[in-house]
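Notes follow the structure.
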Amino acid sequence: MREGRGEFTINSSLTRSAQAYANLMAQYQWFDHIGPDGSTFASRIRSAGYTGGWLGEVLYVGPKGDGPSGIVAMWLDSPVHRSVLLAEPFTEIGVGCAVSGDRRWCVVDFGGP
């Protein structure tokens with residue numbers, strides 16, 4: 001996925017932020033970068049303890065049977081999402097998913113120095 005630029009490093013703060021927001025979106029059947037509580041991805045990531053300078057986020061909602069490779073392929077087919085996934089400043093990643101009923105919500109939070 002990184003097109004020859006190396007792998008992401010998993011970051012526990014980004015993972016904590018991503019999982020908490022996936023849980024919140026599933027709980028409220030919500031899908032937006034602005035949370036039902038008014039939070040932004042930057043405020044959520046900072047609240048989780050991440051201190052890097054670069055921040056980004058991609059979201060997914062769809063059938064709970066959709067797997068990781070299909071979700072990533074969908075993001076890569078979208079110019080906006082692709083630009084976030086492949087952005088040079090992002091070196092760290094956190095992923096969270098939650099299921100409610102027949103839907104899956106996924107959040108990927110990105111960070112960099």
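The values are calculated or read from the model by the stated rules, or taken from the named source; none is laboratory data. Worth saying up front: this structure is predicted, and the values here are computed from it rather than measured. Every residue, glycine as well, gets a Cβ built from its backbone with ideal geometry; the counts of neighbours run over all protein chains shown. Surface accessibility is based on the protein's heavy atoms, side chains included, excluding ligands, DNA and RNA. Shrake-Rupley method; radii C 1.70, N 1.55, O 1.52, S 1.80 Å.
Give me the accessible area of Ser12, 1.4 Å probe, in Å² rounded to the nearest 10.
Around 80 Å² of this residue is reachable by solvent.
Collect residues whose amide H, placed 1.01 Å from N in the peptide plane, falls under 5 Å from the amide H of Ser100; neighbours closer than 5 in sequence don't count.
Those qualifying (amide H under 5 Å, at least 5 residues apart or on another chain) are Trp105.
Taking a probe of 1.4 angstrom, what is the accessible area of Phe31 in Å², to the nearest 10?
100 Å²
Once you put a point 7 Å from the Cα of Asp37 and another 7 Å from the Cα of Arg103, both along the Cβ direction, what distance in nm separates them?
About 1.9 nm, to one decimal.
Roughly how much of Val99 is accessible, in Å² to the nearest 10, using a 1.4 Å probe?
80 Å²
Lys/Arg Cβ at +1, Asp/Glu Cβ at -1, dipole of the chain taken about the Cα centre: which of Gln27, Trp105, Ser39 is farthest positive-ward?
Positive-end residue among those listed: Gln27.
How would Glu88, Glu57 line up by accessible area, probe 1.4 Å, largest first? Walk me through the numbers on the way to the answer.
Details: Glu88 115, Glu57 15 Å².
Highest to lowest solvent-accessible surface, that is Glu88, Glu57.
Show me, for the stretch 91-106, the HN-Hα J-couplings you get by feeding each phi into the Karplus relation (A = 6.51, B = -1.76, C = 1.60, θ = phi - 60°), rounded to Hz, glycine and proline as x.
With the stated coefficients, the stretch 91-106 comes to 10, 10, 9, x, 10, x, 9, 9, 10, 9, x, 9, 10, 10, 10, 10 Hz.
Largest first and in whole Å, give the semi-axes of the chain's equivalent ellipsoid, each being the square root of 5 times a Cα gyration tensor eigenvalue.
On the way: eigenvalues 87, 65, 25 Å².
Computed over the chain, the values are 21, 18, 11 Å.
Give the long-range amide H neighbours of Trp54: residues separated by 5 or more places, or on another chain, with amide H under 5 Å away, using H modelled in the peptide plane at 1.01 Å from N.
Gly112
Going 7 Å from the Cα of Ser12 toward and past its Cβ, which residues in the stretch 23-58 have a backbone nitrogen under 13 Å from where you end up?
Counting backbone N atoms under 13 Å from the label point, the list is 49-50.
Given R₀ = 25 Å, FRET efficiency for Gln27-Met74 by Cβ-Cβ distance, to 0.05?
Numbers: r = 23 Å, r/R0 = 0.93.
That gives a FRET efficiency of 0.60.
Using only alpha carbon pairs under 8 Å that are at least six residues apart, calculate the relative contact order of the stretch 22-108 and give it in whole percent.
Values: 92 pairs, mean separation 34.4, N = 87.
RCO, the stretch 22-108: 40 percent.
Report the equivalent ellipsoid semi-axes for the stretch 1-55 in whole Å, largest first, defined as the square roots of five times the eigenvalues of the gyration tensor built from alpha carbon atoms. Walk me through the numbers before you get to the answer.
Values: eigenvalues 106, 38, 21 Å².
Calculated on Cα positions only, the semi-axes equal 23, 14, 10 Å.
Once you have a ≥ b ≥ c as the square roots of the Cα gyration tensor eigenvalues for the stretch 59-113, tell me rounded if a/c is under 1.5, and otherwise prolate or oblate according to whether a/b is larger than b/c. Mind showing how you got there, number by number?
Working: a/c = 3.04, a/b = 1.68, b/c = 1.81.
Oblate, because a/c is 1.5 or more while a/b does not exceed b/c.
Note down the magnitude of the dipole of the chain about its Cα centre, charges +1 on Lys and Arg C-beta and -1 on Asp and Glu C-beta and zero elsewhere, to the nearest 20 debye.
Details: 9 positive and 11 negative charges, 32 e Å.
Dipole about the Cα centre, nearest 20: 160 debye.
What residues from the stretch 87-104 fall in the zone where the backbone N is under 20 Å from a label point 7 Å along the Cα-to-C-beta line of Thr51?
90-94
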